[in-house]
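Inspection log for the structure reproduced underneath, given as structure tokens.
The values are calculated or read from the model by the stated rules, or taken from the named source; none is laboratory data. Bear in mind that the values here come from a model prediction, so they are computed numbers and not experimental data. Note that we place each Cβ from the backbone using ideal geometry, even for glycine, and neighbour counts take in every protein chain shown.
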Amino acid sequence: MAKRAQTKADDAMPQLPSQIYAIASPHSQGGVSLFEAGDITNSQTVGNFSSPPEFVQQAVALLEAAGFTIQHTNSLMIGISGSPKLFERIFGV
């Protein structure tokens, strides 16, 4: 099979790593995502963005069922990783 000539468009395409790492925010007790809070997040308001343990556990179970690897969890966020294809399939990006 003949090798395809490389084009400038190929050079512009970024190569994705084999694993992508991201942070997920479980539903917070204040009803606002930590990522949507903007400037209102500070040491006095951060508690509003924490999630009850059962919310974190449910989110972890859903993320694992989807195929993500859980890197770490706390009441504010869940660290996840997975292949680029997994992120594309689940999040459409």
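Here are the numbers:
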{"read-out": "The listed residue being of a type in the set (A, V, I, L, M) and part of a helix (DSSP H, G or I), out of Ile90, Ile80", "value": "Ile90"}
{"read-out": "Any pair with Cβ under 7 angstrom, 6 or more apart, that starts in the range 12-29 at a residue that is assigned to a loop (DSSP other than H, G, I, E, B) and surrounded by 11 or more Cβ atoms within 10 Å (Cβ to Cβ) and ends at one that is β-branched (Val, Ile, Thr) and modelled with pLDDT of 85 or more", "value": "Pro26/Val56; Pro26/Ile78"}
{"read-out": "Given (1) closer than 23 Å to Ile90 by Cβ; (2) crowded, with 16+ Cβ neighbours inside 10 Å, number of the condition Thr69 does not satisfy", "value": "(2)"}
{"read-out": "Near pairs, Cβ below 9 angstrom, 6+ apart or cross-chain, from the range 76-89 (within 14 Å of Pro17 (Cβ to Cβ)) to any residue that is of a type in the set (Ser, Thr, Tyr) and surrounded by fewer than 19 Cβ atoms within 10 Å (Cβ to Cβ)", "value": "Ser81/Tyr21; Ser81/Thr69; Gly82/Tyr21; Gly82/Thr69; Ser83/Ser18; Pro84/Ser18"}
